[in-house]
Amino acid sequence: MKTVPESRKILNKNIRLYWAFYKSTLIINLAVSFAVSLVAGSLYIFSVCFASGGPLFSIFFKEIWRRNEYYFYNNCGISKYQLMAFTMAVSILLGTSILMLLLYVTSS
């Protein structure tokens, strides 16, 4: 039976922690993006807001009302700025993908 190296266990744990933080910001991001797209009346605005304004608002929300959550991640070796960078990177990637999919569907 093969054993998993310790470095791989730590990497898997960190990926799960990053993903848990992202999921906690995703609800706020979706709500803000949906509200802005309803006001603007465009699905394209949803994808742009999902990639830019939504993650910024959700990070701002966490910074103000859930500041103590950062201690948990910091104790696991992940800084606040790493969490913010991961959240922005994933949101930009998903928002860009949604925008490209919308453009492809509407151009056909």
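Restricting attention to segment 80-102, the residues that are under 9 Å from the mean Cα position of the chain (by Cα), exposed (fewer than 15 other Cβ atoms within 10 Å of the Cβ) and closer than 16 Å to Cys49 by Cβ add up to 1. Listed by first and then second residue, the pairs linking a residue in segment 4-28 that is closer than 24 Å to Pro55 by Cα and in a helix (DSSP H, G or I) to a residue that is polar (S, T, N, Q) and modelled with pLDDT of 90 or more, with Cβ atoms under 6 Å apart and 6 or more places separating them unless they lie on different chains, are Tyr22/Thr87; Thr25/Ser58; Thr25/Thr87; Ile28/Ser58.
A count restricted to segment 37-60 and to residues that are of a type in the set (A, V, I, L, M) and not in a helix (DSSP H, G or I) stands at 0. Against the test of being surrounded by 15 or more Cβ atoms within 10 Å (Cβ to Cβ) and either among the small types (Gly, Ala, Ser) or touching a strand residue (DSSP E or B) at 6+ places or on another chain (Cβ under 9 Å) (or both), the options Gly77, Gly53 yield a single qualifying residue, Gly53. Residues that are surrounded by 18 or more Cβ atoms within 10 Å (Cβ to Cβ) and under 18 Å from Tyr18 (Cβ atoms) within segment 28-50 comprise just one, Asn29. Could you please find all residues in segment 35-64 being of a type in the set (Phe, Trp, Tyr) and modelled with pLDDT of 90 or more? Scanning segment 35-64 gives Phe46, Phe50, Phe57, Phe60, Phe61. Collect the residues in segment 73-108 that are closer than 22 Å to Lys9 by Cα, among the hydrophobic types (A, V, I, L, M, F, W, C) and modelled with pLDDT of 90 or more, keeping them in residue-number order. Once the filter is applied, which keeps residues that are closer than 22 Å to Lys9 by Cα, among the hydrophobic types (A, V, I, L, M, F, W, C) and modelled with pLDDT of 90 or more, segment 73-108 yields Ile78, Leu83, Phe86. Going by the conditions given, is Tyr70 modelled with pLDDT under 90, surrounded by 13 or more Cβ atoms within 10 Å (Cβ to Cβ), part of a helix (DSSP H, G or I) and not charged (D, E, K, R)? Spelling it out, Tyr70 is indeed modelled with pLDDT under 90, surrounded by 13 or more Cβ atoms within 10 Å (Cβ to Cβ), part of a helix (DSSP H, G or I) and not charged (D, E, K, R). When the residues of segment 1-34 are filtered to those that are over 27 Å from Tyr81 (Cα atoms) and of a type outside the set (Ser, Thr, Tyr), which remaining residue is modelled with the lowest pLDDT? Out of the qualifying residues, it is Met1.
The values are calculated or read from the model by the stated rules, or taken from the named source; none is laboratory data. Remember, it's a predicted structure, so these values are computed and weren't measured experimentally. Backbone-built Cβ (ideal geometry, glycine too); neighbour counts: all protein chains shown.
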